[in-house]
Structures are given as structure tokens and as C-alpha cells.
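Since the structure comes first, as C-alpha cells, the remarks are kept for the end.
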Amino acid sequence: MNTDKKRVQFRAPDRLIDRADALATVLGEDRTDVLVTALREYLQDAAHDDTITQEIAAAYYDDEISYDQLKALVGAEEAANLRVLKQQLDEGFVDEVADL
């Protein structure tokens, strides 16, 4: 796992942070560990949700995210499949336009 870290700052509802703090106390961890674990699990779950995966693919097809970002979200194998599909779609579009 990559050990590089980036500092982030965000605002969250007090109640949510209070719950994270309480869980951190129970687990003997700090708030950051709880929030990083929660974010990691959310992103992992999102990568296996068909609706979200379709949104990720659409963002990639529309060039809103890079291939590296795609791979980080859905994994190398799925990203490779989506890249091939994007290339096929692009080639198909070029062929359709050429026929006009």
C-alpha cells in the first residue's frame, strides 16, 4: 500500500464527528484512523456498486477522469476492460462519421 499521505481538511456535521470520536475511543485509535478506514471501505463498496460503476465509466468515457483515476476506483482489470470499450466506442463513432 502507498505510504504517501496528503493532508485534507473538510467540514462535517458535529454529530458525525462525535460518533467517529466515540468509535475511536472504543477502538483505541485516533479519529484519523477511523475516518480513513471509513473512507477506504466506502470507496471499496462503491467500486462494487453497479450504479456507481456505471457513473465512473461514464465519467471516464466523457474524459472527466483519467485512466489512472479510473484504475484507482475500479481496479486494474475492470479499468482495462473499460479502456478497451472506450476505444471501441471511439472507433465506432469515427466509422459512423466517416460514412456520412
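None of the figures in this text is laboratory data; all of them are computed from the coordinates on show. Just so we're clear, the structure is a prediction, and the values are computed from it rather than from any experiment. Every residue, glycine as well, gets a Cβ built from its backbone with ideal geometry; the counts of neighbours run over all protein chains shown.
So the values come out like this:
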{"quantity": "Computed FRET value (nearest 0.05) for L89 with I52, which takes r as the C-beta separation and R₀ as 22 Å", "calculated": "0.65"}
{"quantity": "Extension gain (nm, one decimal) between T25 and E77, 0.36 nm per residue minus Cα-Cα", "calculated": "14.9 nm"}
{"quantity": "Inter-site label distance for Q9 and A59 at 7 Å from Cα along Cβ, in nm", "calculated": "2.4 nm"}
{"quantity": "MRE, 222 nm, helices only [DSSP H, n ≥ 4, -39500 (n - 2.57), over the chain, to nearest 500]", "calculated": "-24500 deg cm²/dmol"}
{"quantity": "Listed peptides 45-52, 16-23 by packing density, highest first (mean Cβ within 10 Å)", "calculated": "16-23, 45-52"}
